[in-house]
Each structure stands twice: as structure tokens, then as C-alpha cells.
Ligand code: SAH
């Protein structure tokens, strides 16, 4: 069904269900196992079952929950009256002995139940009468086909259950092996056709078999012109499979908007490459190519490539923004420094991972554009925020030099930067004006760093130091501190965050006087307070550090 997210979530509460979950995962490519935090190691973790299920449901994600049907029903009950999403939801016994389709009939819940039952060697608990009688859900045609009207469909199924028979007009290969009461002289017909009209009482199913060629993206109102062209030729809107446009229009915003508004994929290539079209219809500069069978959009021309630069946050998945997770889930290629790419995983077998050395940033940016210009979905990963001493600027620099890459759709997804993550652990040391400085002189002369340190120190800004030391330059922090000590009192508060959000995370609060550079390495964030930054005890061990919002 259109709009249903293809990535199935298999939800488990304990390690006992993991084996069953993996067996189910094996039959749904792209599915992920979601486990309760602290109880079970899975692909994705969550903290609270009810909230997680409602969240998945709202995002139209099919749910296979390995727990009692009652728990699932109670959890999603508040979402059920909402007309927005209705993904398939199934309950499966943790030991794999039962599968119960709960809701999402139109999303194919019974078909999923059958598939799971086959994998587990059990019988599915199907309760839908039409489905039981005919061995198929007529209201849920297979991928590539769309039901014209659900209400007509329900009436049609009731008529059959009441004893009517049906003819089949057109190609409906999936109905061959079913128990439909077929009769060539029947009053009712299942009509499979891209045309919008049928006879009274028919079940009308549209194959997504029409390609709309937009030869002139510069002309206004693309979506409307496509709609009018379909209407004028009596073709149902649901038969539209794809919008096809010339390669030169890859960066066209109106085209992208039109495809979104028509809810079809947008592909680029040549109209002549569509070989199995049997009919060509034209109006309003739109050419409709009608094929005999549903069209697989991914086999036509190519997609506009997409490059997304994301920040992973400091390290743990809770601090990664959902848009970054989404980009990773959709990626064909993932590029980045080895350590970060490993942090971003695990990846599916169909995803290509290109880990490289940290210093090859421009090369990585160009490689990312090259892959994306072939039509692939590419993600470049940085730690923290991608715009803070990281890949986003390198990617834009590459684009600035090679404008041909504007054909690629580029997006930057922000992340929680190390300074922000460290500050949050310590309290609110960045509560007033602050600056972020990288102490690395790889890409700028050390003299610039010294000047900036002096000005920042004089301005009484709180300072967050990134790249405070490196193996090649162990003395840079000492020199920086010497400068800061010229302007700041010895009691100035300092926060050190090491591996924040990662295993072995450590937070230290100290003073400018007591700080020694051997407490700091390249995985540490150094926050030097201003004259107003202060601390007070939090518990026996730690203290809260904050910088008041006001200034005297
Ligand atoms: N884009 C990253 C910064 C990259 S520069 C961000 O926004 O966070 C790398 C520096 O960031 C490191 O030398 C260290 O100073 C700091 N850093 C990155 N991740 C960190 C973490 N998890 N804990 C503490 N400091 C970190």
C-alpha cells in the first residue's frame, strides 16, 4: 500500500525472543530488530515499549511484536482512531509458536502473517472472512497494483461472500492460484486496467503501468498538467508509476515538487528507453507511455542522486537525531573516517561502506559526489555536528569547485556537537556567550590560533577547545593555556569531557590552575569557563558547573 514504510520493525523485549526475531528478519529484507534497552542486544534499542510502538505506528512502520497480542493492542489503542497511518501490526509468540495479524489489512498484514508462519513452520491465525474463503485479500492487490476504491471493494467482497461469482478482465496473475468463485459469464468482474472507468459493481484494480514524460520542466504547473493529461485520456491517477524527465533537468525543483505532489518516483533518462510501452498518449506537453504490466520505477532511467552529510552526535545512538538515522537507513553508500563509519553501523548487506583515513577529507567529499551523481543515495558521516570542524564544509568546498555536482540533491543533517554534549553532562557551562576553537594547526597557522585565543580570553568568552592536542603536536594545549592564563584567574572553572557518549566516558571538573595537559588527549573536549562560570556540589563525587545567563 502506498505510504507504508517498507522497513519492518521486529520488536523484542528479552533475549528469549531473539532467535525467533532473527528467523523472521531473515524473510523480510530491510527489516530491523528492535530490543528493549538493557535487556537485549538488537539492531535498534528503545526504552519504553508502549511509546516505541506508538512511535513506529505513527511513522507507518509495519510492526512485528514478539509479545502478547493484548500488550500490543493496549499500546497502539490510542493511535487506532487516527486516520493517518495504518501499518500492518502483528503479534508473534516469543517462542515462535503463534502469529496473529492484528490490524493493517490493507497494508498486507495477512500476507505478512502467512510469510512469517511459513518461516516458523506454523499456521497463521487469520480471521478475515473474505481472505479465508478466497485465499487472498482482494482489497490488497500485490505490489505494482492499486485498488481504485476501497468502499466499492468492500461491497464487491460482500457480494462474493453472499454467493455471487466473478469474471476477470485483464491480467491478474496473482489470482490464478486462489479460491475465487470464477465464472466467465458472471455479472461481476474484477477489472485490471489503467483506465479510470468500469461497470457498476466491478472491482477495479489499476496496474501502475503509466509513465509520464515531462519534456519541458520549465513550463509551469507540471503536476497539474500530468493530472489533466491523465484525465483527458481516461487514465486513473493510481495507474501513474513514475515521472520521467531528461537528465538535464535533474536539479529542477518544480519537477521534484510535482513528483512529491503526485506521490510517484521521479526518474531521469530518455523517453525512448521505455521499450515496453504499447500506447503513447499526449497532451499539455506531457507524454503518457502506457505499458502492459506494472512498471518497476527503478528500472527506468535513473534517480537523482542524493548526498546527505550527517553528524552522529558524540557517540551513542540516543544522541543521534532521527533525521540522521533515517539517512543511514536509506543510504546505498556510507563514507567516512573508519572509526565513525563503525559507530554508524551495523549496515545491511546491500549497503556499501567506504571507510577511509581521517585526513583525506577533500578526496572523500569528491568521491561522495561522484557516487551520488550516478544516482546513488550517499551518506557522509562525521562525529558530533558535521558543520563543526568536520565534513560539511569540505563537501561544500568540493561543490564550490565543481558546480556540475549541483545535479546531486545535497542535504546537511545537524548533530549534537562534542562541546554541547560535554556541557550538558557538566551542567550548563555554555549558558552565556561562548566560542568554539579548534587548536589544530593542520589547516591554519598557529599564529591565527594564538590571536584568536587572546581575543576570546580578553572578551571573557567561555571557550570550547576541539582537537586540543594531537600526537604530532603534543605541546599545543600547553601553549594555549599559557595565553589564557595571562587573562583569566587561576580559579577559572574548566570542564574536561573524554569520550562523551561512548564507552568509558569520563567527565572531570577542575580549575585553570590545576589543569595539566596530560589530563587531555585528542578524544577530549576542553571547556574553559569565563569569569562568571561557577560550580556547586551535585553529590559526593561531582559538581554542577554553569555560567549564569546574566552579567554584571
Ligand atoms: N564534528 C565534531 C568535532 C570534530 S573535531 C563535533 O561536532 O563534535 C574532533 C574533536 O572533537 C576531538 O579532538 C575532541 O576534542 C572532540 N570530540 C569529538 N567527539 C568527542 C566526544 N565524544 N567526547 C569528547 N570530545 C569529543
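Here are the numbers for this structure:
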quantity	calculated
Conditions (1) under 26 Å from residue 479 (Cα atoms); (2) modelled with pLDDT under 95; (3) more than 16 Å from the ligand (Cβ to nearest atom); (4) touching a strand residue (DSSP E or B) at 6+ places or on another chain (Cβ under 6 Å); number of the one not met by residue 456	(2)
Test: residue in region 252-270 that is farther than 30 Å from residue 414 by Cα and at pLDDT below 95	yes
Residue list for region 117-135, filter: under 17 Å from residue 186 (Cβ atoms) and either buried (at least 16 other Cβ atoms within 10 Å of the Cβ) or at pLDDT 90 or above (or both)	130, 134
Residue tally, condition more than 12 Å from the ligand (Cβ to nearest atom) and surrounded by fewer than 22 Cβ atoms within 10 Å (Cβ to Cβ), over region 428-444	8
Test result for residue 395, surrounded by 20 or more Cβ atoms within 10 Å (Cβ to Cβ), within 16 Å of the ligand (Cβ to nearest atom), in contact (Cβ under 8 Å) with a residue 60 or more places away in the chain and farther than 27 Å from residue 363 by Cβ	no
Strands (runs of 3 or more DSSP E) completely within region 268-360 that count 2 or more residues being under 30 Å from residue 206 (Cβ atoms) and without any contact (Cβ under 8 Å) to a residue 40 or more places away in the chain	277-283
Those residues of region 179-223 which are within 28 Å of residue 274 (Cα to Cα), free of Cβ contacts under 8 Å to residues at least 24 places away in the same chain and surrounded by 14 or more Cβ atoms within 10 Å (Cβ to Cβ), in sequence order	191
Given (1) outside any loop (DSSP other than H, G, I, E, B); (2) within 18 Å of residue 317 (Cα to Cα), number of the condition residue 40 does not satisfy	(1)
Output for region 168-197, where each listed residue is more than 37 Å from the chain's Cα centre (by Cα) and within 15 Å of residue 237 (Cβ to Cβ)	197
Output for region 495-550, where each listed residue is more than 16 Å from the ligand (Cβ to nearest atom), within 19 Å of residue 456 (Cα to Cα) and in contact with a helix residue (DSSP H, G or I) (Cβ under 9 Å, 6 or more places away or on another chain)	512, 513, 546
Residue identified as more than 14 Å from the ligand (Cβ to nearest atom) and out of contact with any helix residue (DSSP H, G or I) (no Cβ under 7 Å at 6 or more places or on another chain) among 345, 355	345
Whichever residue in region 200-216 is assigned to a loop (DSSP other than H, G, I, E, B) and farther than 16 Å from residue 141 by Cβ and, among such residues, is modelled with the highest pLDDT	215
Residue match in region 131-144 (condition: closer than 21 Å to residue 11 by Cα, out of contact with any helix residue (DSSP H, G or I) (no Cβ under 8 Å at 6 or more places or on another chain) and in a helix (DSSP H, G or I))	no
Where residue 295 falls short, out of the listed (1) within 27 Å of the chain's Cα centre (by Cα); (2) surrounded by fewer than 22 Cβ atoms within 10 Å (Cβ to Cβ); (3) over 28 Å from residue 369 (Cβ atoms)	(2)
Matching option when the condition is outside the structural domain of residue 153 (by TED's automatic domain parsing) and closer than 30 Å to residue 160 by Cβ, among 222, 190, 235	235
Those strands (runs of 3 or more DSSP E) lying entirely in region 415-518 with at least 1 residues without any contact (Cβ under 8 Å) to a residue 40 or more places away in the chain	434-438, 493-498, 506-511
Condition met for residue 379 (part of a helix (DSSP H, G or I) and within 16 Å of the ligand (Cβ to nearest atom))	no
Residues located in region 156-168, provided they are surrounded by fewer than 17 Cβ atoms within 10 Å (Cβ to Cβ), without any contact (Cβ under 8 Å) to a residue 40 or more places away in the chain and not in a loop (DSSP other than H, G, I, E, B)	158, 161, 167
Subset of region 308-319 (residues that are more than 12 Å from the ligand (Cβ to nearest atom) and under 13 Å from the mean Cα position of the chain (by Cα))	308
Some residue of region 523-543 being more than 22 Å from residue 427 (Cα to Cα) and either part of a helix (DSSP H, G or I) or more than 41 Å from the chain's Cα centre (by Cα) (or both)	no
Residue among 390, 368 that alone is more than 16 Å from the ligand (Cβ to nearest atom), surrounded by 24 or more Cβ atoms within 10 Å (Cβ to Cβ) and either closer than 22 Å to residue 422 by Cβ or outside the structural domain of residue 425 (by TED's automatic domain parsing) (or both)	368
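Listed here are the residues, each with its yes/no results for (1) in contact with a helix residue (DSSP H, G or I) (Cβ under 9 Å, 6 or more places away or on another chain); (2) surrounded by fewer than 18 Cβ atoms within 10 Å (Cβ to Cβ); (3) modelled with pLDDT under 90.
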{"site": "12", "(1), (2), (3)": "yes, no, no"}
{"site": "16", "(1), (2), (3)": "no, yes, no"}
{"site": "21", "(1), (2), (3)": "no, no, no"}
{"site": "48", "(1), (2), (3)": "no, yes, no"}
{"site": "54", "(1), (2), (3)": "yes, yes, no"}
{"site": "62", "(1), (2), (3)": "yes, no, no"}
{"site": "72", "(1), (2), (3)": "yes, no, no"}
{"site": "81", "(1), (2), (3)": "no, yes, yes"}
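The values are calculated or read from the model by the stated rules, or taken from the named source; none is laboratory data. Being a predicted model, the structure only gives us computed values, none of them experimental. Note that we place each Cβ from the backbone using ideal geometry, even for glycine, and neighbour counts take in every protein chain shown.
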